[in-house]
1. For segment A:23-30, state whether one or more residues are modelled with pLDDT under 70, crowded, with 16+ Cβ neighbours inside 10 Å, assigned to a loop (DSSP other than H, G, I, E, B) and not hydrophobic (A, V, I, L, M, F, W, C).
2. Filter segment B:137-182 down to residues that are at positive phi and within 14 Å of another protein chain (Cβ to nearest Cβ), then give me how many there are.
3. Of the conditions (1) modelled with pLDDT of 85 or more; (2) closer than 30 Å to B:S278 by Cβ; (3) out of contact with any helix residue (DSSP H, G or I) (no Cβ under 8 Å at 6 or more places or on another chain), B:T255 fails just one. Which one is it?
4. If you take the residues in segment A:139-155 that are closer than 15 Å to A:A192 by Cβ and of a type outside the set (A, V, I, L, M, F, W, C), which one is farthest from the chain's Cα centre (by Cα)?
5. Suppose we keep only residues that are touching a residue at least 40 places away in the same chain (Cβ under 8 Å) and more than 8 Å from chain B (Cβ to nearest Cβ) within segment A:135-160. Which one would you say is farthest from A:V203 (Cα to Cα)?
6. Please go through segment A:273-294 and give me each residue that is modelled with pLDDT of 85 or more and away from chain B (no Cβ under 11 Å), ordered by number.
7. What tally of residues in segment B:221-234 results from selecting those that are under 16 Å from the mean Cα position of the chain (by Cα) and over 19 Å from A:G138 (Cβ atoms)?
8. Being surrounded by fewer than 20 Cβ atoms within 10 Å (Cβ to Cβ) and part of a helix (DSSP H, G or I) narrows it down to one residue among A:A209, A:A196; which is it?
Amino acid sequence: MSVFITRRVLQSLVVVFVMSLLVFFGVNIVGDPIDMLINPEADQEDIEAAIRALGLDRPIHEQYWYFVVNALKGDLGKSFIFAEPALKLILQRMPATMELALTAMIMAIFVGIPLGVFAGLRPNSKISKTIMAGSILGFSLPTFWVGLMFIMIFAVMLGWLPSTGRGETTSLFGIQVSFLTWDGLRHLLLPALNLALFKMSLVIRLARAGTREVALQDYIKFARAKGLSSSRVVLVHVMKNIMIPVVTVLGLELGGVIAFAVVTETVFAWPGMGKLLIDSIQLLDRPVVVAYLMITVLMFIVINLMVDVIYSILDPRVRLKDVKS
Amino acid sequence: MSTTSEVATQAATIVRPVREQTPVGRFLSDFFESRIATAAVAVFAVILFVAIFAPWISPQDPYDLMVVDVMNSRMQPGEKSLDGMTFVLGSDGAGRDMLSAIFYGLRTSLGVGVMSAIIALCIGMTVGLSAAYFGGRTDSLIMRIVDLQLSFPAILIALILLSIVGKGVDKIIIALVIAQWAYYARTVRASALVERRKEYIEAATCLALSHRRIVFRHLLPNVLPPLIVVGTLQTAHAISLEATLSFLGVGLPQTEPSLGLLISNGFEYMLSGKYWISFFPGIALLITIVSINLVGDQLRDVLNPRLER
């Protein structure tokens, strides 16, 4: 087990190194770092000072070293627009994005799994066919358009729910969250549902496929023959065995949800880091874009690492295969 | 299912062993067994027709400033303008006929989606085939890169690339290709690895044929089925991705509006209840994506030899 985890951590460190090279050379070779990192409205003296501060007058390998040292110190540049460290801006907005992403995930699981298991147990019933048709639609509908339609129906036409912003927030362990107030919940519902829709379809499909496979296994027949109640067979024996693929895919998809939050946040003007990214791209506030990129890359690597480790605990075969090869 | 199609299916099963079918014929009859897939193909054919012939069948040229009149802006669907033109799907803020704008938008969206899918397919296919054929170091290096890339969502990769290089049709195609080639490479490699161990490849190697000939003439035709399936589904994905990126304002420039940009332009009018500017382009996008996805699903079922048919 520890061999496996050590190997995975080492691999992740290599990936971090490769990605830092890619980001560094993306900024410095493909783009012009003076354009990208220094405020175009600054005067000549400021530009020279900034060039020295960033070490842009040094040879390229020294520049990379500067970049790494600064990044490790948490200095990813200053926003042109807000005149604040880019890292701070992003971290300030991260809780809003995380809240949205986690709520969407929870919705996807608690709606998707029951529907998927139902469709798997009764593959030929009308309801199952409706569920599956719905999941195809959920795959095909572009997230941003669904968000617009939600706003149109629930905010403009029916006037039930607000369409923009985060609503009233309260502090929980020093982090601003909106799911504890009624107003915050009302603001959270539409964006979270919008973001959850795609993953929900995915969970439905996974749960259905898993259930159909598991339901034919001998241990299910045995459990039924033993006289266990139908609900116990489904809730314990079936559920346990469909969880492995669902957990892995969801773990990997958590990153996807955070990435897609960019879209949902733009539609619903949700003040998260995705909205910050889009605003920064449009305002040419590149230090924030670069910082967002670095943080997201790091976040993805950590998520992937965690999923691998959890997976290896759930399914020991993975770990053994990897160590042997 | 109606009785007629049941009879037809039965008839097909009775006839099949008697009449020799060509592989293509068998594929076609299998494919069109599903009525949903048949309908999807028909719908997609209509969309393709509209996209190709948009300039000739649109009621107006939505980007000709001589034709577009601001006086006609924000017309309701079905409303008639003073000069006698009917706006079947309404008009947008600049007085453009939405139907024409959608036709032109389909042209751009489909063009970008199909183009990027084809290029990504070619690159991914070549990379995947070489990984599987040469194996060893080449293989593990390529697959590390593929795995690394697949651990990041396509939208994020495209978004970051576009934020560095800027807007434009060529740029969004490049971004989509970079974001998607890895899916093809992985698919091709997986099936090529299975094929590579088969005897016909060994035979070809014994005949001392060149690597190129073996890979492209012997290996490639046998890994095509899964590639076609992934290609279809990824085309739908590329169209959706392009629309999303354009909606976010990093994709196509305003001069070449795709469906995503049309939807984005309608966003500001939506809050005042003028739904049609965003609604109809969205429906067009939805129909396109769903029809391609349904065709892809059916292709997967038909081309998968493991599935009992």
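1. no
2. The number of residues fulfilling the criteria is 1.
3. B:T255 satisfies all of (1) modelled with pLDDT of 85 or more; (2) closer than 30 Å to B:S278 by Cβ; (3) out of contact with any helix residue (DSSP H, G or I) (no Cβ under 8 Å at 6 or more places or on another chain) except (1).
4. Residue satisfying both the conditions and the ranking: A:G147.
5. The extreme case among them is A:F150.
6. Matches in segment A:273-294: A:M273, A:L276.
7. Residues that pass the stated criteria total 6.
8. A:A209 is the lone residue from the list that is surrounded by fewer than 20 Cβ atoms within 10 Å (Cβ to Cβ) and part of a helix (DSSP H, G or I).
The values are calculated or read from the model by the stated rules, or taken from the named source; none is laboratory data. None of the values given here were measured: they were computed from a predicted structure. Neighbour counts are summed over all protein chains in view; Cβ atoms, including those assigned to glycine, are modelled from backbone coordinates with ideal geometry.
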